[in-house]
Amino acid sequence: MTLPFTPYRAPKWLPGGHVQTIYPLLIKASPPPYRRERWETPDGDFIDLDWIDAPDSAFDSAPSPPNTPPLIVLFHGLEGSSASHYATALMAAVKARGWSGVVSHFRGCSGETNRLPRAYHSGDSDEVDWVLRRLRQQHPKRAIHVVGVSLGGNALLKWLGEREFLAGDVINAAASVCAPLDLTICGHQLGQGFNKVYTKHFLQTLKRNAAEKLARFPGLFDGRRMRGANSLYEFDDVVTAPLHGYLGADDYWRRASAKPLLHGIRLPTLLLNAQNDPFLPAHALPRDDELSAKVRPDYPREGGHVGFVTGSLPGRLDWLPQRLLHFFEHLN
């Protein structure tokens, strides 16, 4: 049984979901001392992983002692990386505990364009499976706990729900943070009102990366439609969906959403979503009868989208890492 953790409460000087979402981007922190490793993928592409090593890196080659530090794996959000504020905060907390951590970049998100026409998407559970199984092969004797943030959270939850009991052969526990569990609701939500600011931000990098792909692979998709896309729906319909085997945005959003699979999760899993997240409205959060008994929902009233700032000005980003690591520390 997980022990209680101090519920999140937003500071009075940071009101509202939008401010709580945007302000963390302004908090500057030095990234931890990552060690980068490149993996070649079975289909001829590559991914980059940024590691935080535990003080004793040799424990996997000997019988595992009771105090063997776990490995914390992070799958980032849309257009995120190991430099994202939530990644640097989590990995700094991992390092402070003497644990090991790794940020697994989705294809094309580590600062170098990937080789193949495909990139990554919200339902990329097969990629999650390949990464986690390789990590388990490399580290057979340690606990592996996995965190997925936003898009990475949806992909992780989808993997957990699809694999059910088989996931237990690979990892020990999981947590998702602000996952867009219903991509249809979330996608249309991002096309309304102030949320168009987030859409514009995402489209800047998505279009730039797509243009690079099109230059390398002429005819890959309709460049005119891509350049004219003003919403995530329009972009996903012309680029993301067809590149990853979907018929269009509607088909992609329906089939890639994790929410219908949450009842199949068979490992301890924390489901953390703020009720004022601008990306996913509170009415779309899963009810208890939509979750398996292994999923622990945590829906704080505030926090924004992967915000959770605490303290007086200029604020701190330590609540979220401590919430996640506390969950993993107290699984029994």
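Considering (1) among the basic types (Lys, Arg); (2) under 22 Å from residue 198 (Cα atoms); (3) in the same structural domain as residue 126 (by TED's automatic domain parsing), say which one residue 225 fails and leave the rest.
(3) is the only condition that residue 225 fails.
For region 210-225, does any single residue satisfy the condition of being in a loop (DSSP other than H, G, I, E, B), within 24 Å of residue 113 (Cβ to Cβ), in contact with a Lys or Arg (Cβ under 9 Å, 6 or more places away or on another chain) and at pLDDT 95 or above? Let's see the steps before the verdict.
Start the filter on region 210-225 by keeping residues that are in a loop (DSSP other than H, G, I, E, B), which leaves 217-222.
If we keep only those that are within 24 Å of residue 113 (Cβ to Cβ) as well, we get 217-222.
Filter once more, so that each one left must be in contact with a Lys or Arg (Cβ under 9 Å, 6 or more places away or on another chain): 220-221.
The next check asks that each one be at pLDDT 95 or above; those that pass are 220-221.
Looking for residues that are in a loop (DSSP other than H, G, I, E, B), within 24 Å of residue 113 (Cβ to Cβ), in contact with a Lys or Arg (Cβ under 9 Å, 6 or more places away or on another chain) and at pLDDT 95 or above, one finds at least one in region 210-225, hence yes.
Kindly list the number of the only condition in (1) part of a helix (DSSP H, G or I); (2) among the small types (Gly, Ala, Ser); (3) touching a residue at least 24 places away in the same chain (Cβ under 8 Å) that fails for residue 96.
Result: residue 96 fails condition (3) only.
Yes/no per residue for (1) out of contact with any Lys or Arg (no Cβ under 7 Å at 6 or more places or on another chain); (2) more than 14 Å from residue 259 (Cα to Cα); (3) modelled with pLDDT of 95 or more; (4) not assigned by TED's automatic domain parsing to the domain that holds residue 285:
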position: 150; (1), (2), (3), (4): yes, no, yes, no
position: 163; (1), (2), (3), (4): yes, yes, yes, no
position: 167; (1), (2), (3), (4): no, yes, yes, no
position: 171; (1), (2), (3), (4): yes, yes, yes, no
position: 176; (1), (2), (3), (4): yes, no, yes, no
position: 190; (1), (2), (3), (4): yes, yes, yes, yes
position: 197; (1), (2), (3), (4): yes, yes, yes, yes
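Looking only at region 260-290, filter to residues that are touching a helix residue (DSSP H, G or I) at 6+ places or on another chain (Cβ under 7 Å) and assigned to a helix (DSSP H, G or I); which one of those is surrounded by the fewest Cβ atoms within 10 Å (Cβ to Cβ)?
Residue satisfying both the conditions and the ranking: 290.
Conditions (1) at pLDDT 95 or above; (2) polar (S, T, N, Q); (3) farther than 19 Å from residue 52 by Cβ, marked per residue:
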residue	(1), (2), (3)
82	yes, yes, no
100	yes, yes, no
107	yes, no, yes
110	yes, yes, no
134	yes, no, no
138	yes, yes, no
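Residue 164 versus (1) on the phi > 0 side of the Ramachandran plot; (2) surrounded by 17 or more Cβ atoms within 10 Å (Cβ to Cβ): which is the lone unmet condition?
(2)
The values are calculated or read from the model by the stated rules, or taken from the named source; none is laboratory data. Source: prediction; values computed, not measured. Quick reminder, even Gly has a Cβ in these numbers, built from the backbone with ideal geometry, and neighbours come from all protein chains shown.
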